[in-house]
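Below is one structure, written out as structure tokens, with a few remarks after it.
The values are calculated or read from the model by the stated rules, or taken from the named source; none is laboratory data. Please read these numbers as outputs of a predicted model, since none were measured by experiment. Methodologically, a virtual Cβ is constructed for each residue, glycine included, from the backbone with ideal geometry; neighbour enumeration extends over all protein chains shown.
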Amino acid sequence: MTLTGLFVPLITPFDEAGAVALGALSDLAHRMLDGGAAGLVALGTTAEPSSLSPAEQRDVAAAVARVCRERGAPLIVGAATVPALESLRDLPGAVAALCVVPPFLRPGEAGVLAHFRQLAAASPVPIVVYHVPYRTGQPLTADALRRLAALPGVAGVKFAAGGIDEETIGLMCDVPPGFAVLGGDDVFVSPLLALGAHGAILASAHVATGEFAELIEAWHTGDAVRARALGHRLAPLSRALFAEPNPTVVKAVLHERGAIPTAAVRLPLLTAGTDSTDAALRLSDSLRGD
Ligand SMILES: O=C(O)C1=N[C@H](C(=O)O)C[C@H](O)C1
């Protein structure tokens with residue numbers, strides 16, 4: 001299995017009382033698949049998983065899995081520990097787990113490799129390594145990513161290095177066969193796709209699902225003129241959606257569009273301000289030609 005195409009890491013909508021709005025979540029999941037997403041991610045960073053109780057996490061994953069089963073769409077689930085991975089045995093439809101590089105400790109590349117060897121051995125589904133050094137504090141070279149790719153049970157990387165640097169070029173020049181590179185930095189996704197990424201996991205795609213799906217398709221079919229132009233229009237939208245901590249602006253825009261009952265996020269996040277929301281709405285309107 002090589003994961004390709006657009007995956008939307010779903011936000012967790014909350015209702016007026018602050019509870020998880022599971023009906024709105026299912027509707028949103030259908031809407032993303034209708035809009036052109038190849039698959040969905042449950043419990044990614046964008047879902048505010050650390051602010052959900054274990055029961056809420058189970059409910060969210062089950063609701064998204066149900067939609068993916070109904071639609072025959074692949075589901076990736078955020079899970080960073082052995083128990084969380086083992087629980088995926090009870091979640092039919094999950095094709096992979098998104099496992100972040102251990103944050104904060106900075107164990108070094110050898111530690112990261114040993115960690116993923118242990119996780120992959122315990123996981124009932126293949127693992128996508130979530131490489132996001134500006135959040136984890138742990139850099140990884142292209143060589144380390146290639147060694148991770150060689151581990152049994154590691155299917156790909158969500159690549160969010162914070163830009164296109166020498167290690168990015170080093171990896172993309174020689175991607176191991178069967179190892180999926182999925183862009184995870186919304187603003188840099190077009191250049192990463194130009195270098196050969198297989199797909200992307202993008203919170204921005206909540207707001208412009210069809211356009212991001214088209215961007216991936218255009219790079220994959222070699223239509224560089226269309227892809228470059230679309231990438232240039234989508235990057236400012238992503239920048240606006242990330243003007244405040246993700247997913248606050250995404251949620252505010254979805255709420256303004258009537259897609260979710262509230263723009264609420266849970267602490268330590270704060271609801272997006274009007275200026276950021278209006279700026280993102282203006283860019284999204286201009287993209288849609290409104
Ligand atoms: O939840 C995710 O998966 C994503 N998280 C990133 C983040 O919050 O930094 C952004 C990316 O679009 C998807």
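With a requirement of 3 or more residues that are of a type outside the set (Gly, Ala, Ser) and away from the ligand (no atom under 16 Å from the Cβ), the helices (runs of 4 or more DSSP H) lying completely within region 175-290 that satisfy it span 209-220, 224-241, 274-288. Filtered by the rule that a residue be touching a His at 6+ places or on another chain (Cβ under 9 Å) and in contact (Cβ under 8 Å) with a residue 24 or more places away in the chain, region 64-79 gives Val67, Arg71. Given the structure, is Ala218 at pLDDT 95 or above, in contact with a Phe, Trp or Tyr (Cβ under 8 Å, 6 or more places away or on another chain) and surrounded by 20 or more Cβ atoms within 10 Å (Cβ to Cβ)? Spelling it out, it is not the case that Ala218 is at pLDDT 95 or above, in contact with a Phe, Trp or Tyr (Cβ under 8 Å, 6 or more places away or on another chain) and surrounded by 20 or more Cβ atoms within 10 Å (Cβ to Cβ). For region 137-153, indicate whether the set of residues that are in a loop (DSSP other than H, G, I, E, B), free of Cβ contacts under 8 Å to residues at least 60 places away in the same chain and within 16 Å of the ligand (Cβ to nearest atom) is non-empty. Checked region 137-153: at least one residue is in a loop (DSSP other than H, G, I, E, B), free of Cβ contacts under 8 Å to residues at least 60 places away in the same chain and within 16 Å of the ligand (Cβ to nearest atom).
Of all residues in region 236-244, none are free of Cβ contacts under 8 Å to residues at least 24 places away in the same chain, of a type in the set (A, V, I, L, M), buried (at least 18 other Cβ atoms within 10 Å of the Cβ) and more than 30 Å from Pro176 (Cβ to Cβ). Would you say Val20 is surrounded by fewer than 24 Cβ atoms within 10 Å (Cβ to Cβ) and of a type in the set (Val, Ile, Thr)? Yes. Would you be able to say whether some residue in region 51-61 is in contact with an Asp or Glu (Cβ under 6 Å, 6 or more places away or on another chain) and not charged (D, E, K, R)? Looking for residues that are in contact with an Asp or Glu (Cβ under 6 Å, 6 or more places away or on another chain) and not charged (D, E, K, R), one finds none in region 51-61, hence no. The condition of being in contact with an Asp or Glu (Cβ under 7 Å, 6 or more places away or on another chain) and more than 25 Å from Leu171 (Cα to Cα) holds for only one of Val207, Val265, Val253, that being Val265. You will find that of Gly183, Gly196, the residue that is touching a strand residue (DSSP E or B) at 6+ places or on another chain (Cβ under 9 Å) and at positive phi is Gly196 and no other. Going residue by residue through region 116-128, is there one that turns out to be within 15 Å of the ligand (Cβ to nearest atom) and either in a loop (DSSP other than H, G, I, E, B) or within 28 Å of Ala73 (Cα to Cα) (or both)? Yes. The residue of region 154-167 that is surrounded by the fewest Cβ atoms within 10 Å (Cβ to Cβ), among those that are of a type outside the set (A, V, I, L, M) and away from the ligand (no atom under 16 Å from the Cβ), is Glu166. Scanning region 3-31 for residues that are touching a helix residue (DSSP H, G or I) at 6+ places or on another chain (Cβ under 8 Å) and on the phi > 0 side of the Ramachandran plot yields a total of 1. Considering Val82, Val41, the condition of being crowded, with 16+ Cβ neighbours inside 10 Å and touching a residue at least 12 places away in the same chain (Cβ under 8 Å) is satisfied by Val41 alone.
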